[in-house]
Amino acid sequence: MKNPAHIIHLNTSINAGRENVWEYFTKPEHIVQWNNASPDWHTLRAVNDVQPGGKFIFRMQAKDNSFGFDFSGTYNDVVLHKYISYTLDDGRRVTINFFAADAHTEIDQTFELENENPADLQRQGWQAILDNFKKYAETISSSL
């Protein structure tokens with residue numbers, strides 16, 4: 001990882017078991033349901049090979065088709081239900097820890113900043129996606 005000043009740390013607590021949270025976080029059919037920072041964006045498709053050396057690509061696009069991009073990278077380390085680290089195609093690193101806490105799962109995520117957008121904007125975007133994930137995971141878990 002880079003200088004700590006260039007790293008953002010996020011966390012959330014999800015009212016669901018760690019194995020379910022892992023599934024919702026890593027399976028493409030779930031990723032397309034929650035992976036957006038605002039209601040005017042969506043993930044059109046997701047391919048996700050969650051293993052060391054495996055690749056992922058999430059096609060993210062504005063719903064009005066005015067802009068889109070591929071969020072993609074390669075997994076470095078994966079510990080089932082516990083830990084993921086990956087490197088984005090632009091070289092930035094991301095780590096995600098999944099901690100079991102009673103009937104909850106704590107997610108701690110760090111990511112390296114890119115140079116195009118202000119740190120606060122990046123933090124807000126990544127946090128919004130994590131918040132969408134929390135809402136989705138809790139909704140799905142409560143319906144089981």
(request) Show which lysines lie in cross-link reach of Lys82 when reach means a straight Cα distance below 18 angstrom and same-chain residues fewer than eight apart are skipped. (result) Lys27, Lys134
(request) Within segment 98-144, report the GluC sites (Glu not before Pro) that DSSP leaves as loop and that have at most 10 other Cβ atoms within 10 Å. (result) Glu116
(request) Using only the alpha carbon atoms of segment 1-79, find the Kirkwood hydrodynamic radius as the inverse mean reciprocal pair distance, in angstroms to one decimal. (result) 14.3
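Any read-out appearing in this document is the output of simple, stated calculations on the displayed coordinates, not a laboratory observation. Note that the structure is predicted; figures quoted are calculated from it, not measured. Glycine gets a Cβ as well: all are built from the backbone with ideal geometry, and neighbour counts include every protein chain shown.
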